[in-house]
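No value in this document is a laboratory result; all are computed from the given coordinates. Quantities reported herein were computed from a predicted structural model and do not represent experimental measurements. We place every Cβ from the backbone using ideal geometry, glycine too, and count neighbours over all the protein chains shown.
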Amino acid sequence: MMGKKKLSQIKAEVASLLRRLPGGPKHWLEKEIESAKADQNRDPETLKMLCAALEQEATKRRNTKKRRKPAKR
């Protein structure tokens, strides 16, 4: 039976798996897309969407929390 996991734990596990791929996740996904094009039972469009989502997440800038100004009295 699977236990409940926090989303942050799942993200960390997926990130660690992607780092272990030979050539990095983008290189591996490109090879998988080419392989899927040749196989009728696989969907290359889904892999393309996953690749685009990973690229978008990698280029996204993280906004730091800004300090609030103290209230005037």
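On the basis of the beta-carbon distance and an R0 of 30 Å, Val14 and Gln40 show a calculated FRET efficiency of 0.60.
A simple spin-label model places the labels of Met49 and Arg68 3.9 nm from each other, with each point 7 Å out along Cα-to-Cβ.
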